[in-house]
Amino acid sequence: MLSVENLVSRYGRIEVLHGVSLAVAEGEIVTLVGSNGAGKTTLLRAISGVQPSVSGTIRFAGERIDAMEAHRRVAKGIAQVPEGRQVFAPLSVEDNLRLGAVTRRDADINADLADVYVMFPALAEKRHLAAGALSGGQQQMLAIGRALMARPKLVLLDEPSMGLAPRLVEQIFSTVTDFKRRGLTVLLVEQNARAALAIADRGYIMETGRIEISGRGRALLDDDRVRAAYLGL
């Protein structure tokens with residue numbers, strides 16, 4: 001479904017991605033693990049189109065998209081849940097969710113909104129409140145729900161467990177595994193390496209803008225290099 005080959009991206013003169021290549025097959029959960037500053041968020045931003053790439057290719061469902069505008073990538077089926085949630089704080093919960101469907105023109109938006117409320121009952125209870133009044137965990141649910149309103153084929157999740165209590169972290173990862181049951185494909189960036197690799201079909205380890213290790217999720221949990229660097233073992 002997603003193929004990234006030799007991708008290079010810069011912030012000004014500073015090169016952040018140094019020829020990154022990875023692939024995500026349809027229906028997979030693929031986890032991208034790495035330390036702060038490794039380039040994980042930059043890679044997701046480049047895939048979704050909000051960060052320009054200097055060279056290399058990005059293909060989605062066989063179509064080259066690296067020069068495509070971000071809103072067109074959303075319409076093609078890519079939705080990102082950004083790091084830090086980035087909800088529209090003054091707007092209501094429901095308005096935030098409806099904005100997720102801004103590229104759609106079909107008649108099923110209300111039905112999908114109802115599905116999000118079933119998935120996250122706390123959002124249904126607070127649908128008329130300003131998004132900025134929600135707790136951190138509820139804002140993360142809202143950011144995920146907003147992405148789902150685009151009816152994506154591929155969901156890019158950037159640090160969904162950041163700053164959340166353990167109980168909410170468990171709920172978020174349960175939601176991610178439910179995506180797979182719904183037929184969605186997921187590329188997950190996460191510093192909680194143990195939890196992320198445990199639910200992943202495959203994983204990539206990224207350091208200083210390069211992919212250093214890749215393999216099956218469970219195999220990476222047993223890899224001595226990964227255990228020493230990311231699992232504290």
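So which helices (runs of 4 or more DSSP H) stay within the stretch 151-233 end to end and still have 1 or more residues that are surrounded by 15 or more Cβ atoms within 10 Å (Cβ to Cβ) and under 15 Å from the mean Cα position of the chain (by Cα)? Break it down into steps so the answer makes sense when it comes.
Details: elements: 166-181, 193-199, 217-221, 224-230.
Counting at least 1 such residues, we get 166-181, 193-199.
Going by the structure shown, is residue 9 within 20 Å of residue 153 (Cβ to Cβ), crowded, with 18+ Cβ neighbours inside 10 Å and polar (S, T, N, Q)?
no
Is it fair to say residue 9 is among the polar types (S, T, N, Q), under 30 Å from residue 181 (Cβ atoms) and touching a Ser or Thr at 6+ places or on another chain (Cβ under 8 Å)? Walk me through how you get there before you give the answer.
On the way: among the polar types (S, T, N, Q): yes; under 30 Å from residue 181 (Cβ atoms): no; touching a Ser or Thr at 6+ places or on another chain (Cβ under 8 Å): yes.
The answer is no for residue 9.
If you go through the stretch 110-130 one residue at a time, how many are over 30 Å from residue 51 (Cβ atoms), crowded, with 16+ Cβ neighbours inside 10 Å and under 21 Å from the mean Cα position of the chain (by Cα)?
Adding up the residues that qualify gives 1.
So, residue 230, is that one at pLDDT 95 or above and of a type in the set (Ser, Thr, Tyr) or not? Talk me through it step by step, then tell me what you get.
On the way: at pLDDT 95 or above: no; of a type in the set (Ser, Thr, Tyr): yes.
It is false that residue 230 is at pLDDT 95 or above and of a type in the set (Ser, Thr, Tyr).
Quickly run through the stretch 13-55 and pick out the residues that are loosely packed, with under 15 Cβ neighbours inside 10 Å, without any contact (Cβ under 8 Å) to a residue 60 or more places away in the chain and within 16 Å of the chain's Cα centre (by Cα).
If the condition is that a residue be loosely packed, with under 15 Cβ neighbours inside 10 Å, without any contact (Cβ under 8 Å) to a residue 60 or more places away in the chain and within 16 Å of the chain's Cα centre (by Cα), then 50 is the only one that fits.
Condition first: aliphatic (A, V, I, L, M) and within 18 Å of residue 152 (Cβ to Cβ). Now tell me which residues in the stretch 163-222 satisfy that. Spell out the reasoning first.
Here is the first cut: in the stretch 163-222, the residues aliphatic (A, V, I, L, M) are 164-165, 168-169, 172, 176, 184, 186-189, 193, 195-200, 205-206, 211, 213, 219-221.
Hits for the stretch 163-222 are 172, 176, 184, 186, 187, 188, 189.
Going through the stretch 70-109 one residue at a time, which ones are over 18 Å from the mean Cα position of the chain (by Cα), of a type outside the set (A, V, I, L, M) and over 24 Å from residue 133 (Cβ atoms)?
Within the stretch 70-109, 103, 104, 105, 106, 108 qualify.
Examine the stretch 108-122 for a residue that is within 20 Å of residue 80 (Cβ to Cβ), touching a residue at least 60 places away in the same chain (Cβ under 8 Å), part of a helix (DSSP H, G or I) and not small (Gly, Ala, Ser), and state whether such a residue exists. So that I can check it myself, show each step before the final result.
Step one: list which residues in the stretch 108-122 are within 20 Å of residue 80 (Cβ to Cβ), which gives 109, 112-113, 115-116, 119-120.
If we keep only those that are touching a residue at least 60 places away in the same chain (Cβ under 8 Å) too, we end up with none.
Among the residues of the stretch 108-122, not one is within 20 Å of residue 80 (Cβ to Cβ), touching a residue at least 60 places away in the same chain (Cβ under 8 Å), part of a helix (DSSP H, G or I) and not small (Gly, Ala, Ser), which makes the answer no.
Out of (1) aliphatic (A, V, I, L, M); (2) modelled with pLDDT of 95 or more; (3) under 24 Å from residue 33 (Cβ atoms), what's the single condition that is false for residue 172?
Condition not satisfied by residue 172: (2).
The values are calculated or read from the model by the stated rules, or taken from the named source; none is laboratory data. A quick note: this is a predicted structure, and the numbers were derived from the prediction, not measured. Every residue, glycine as well, gets a Cβ built from its backbone with ideal geometry; the counts of neighbours run over all protein chains shown.
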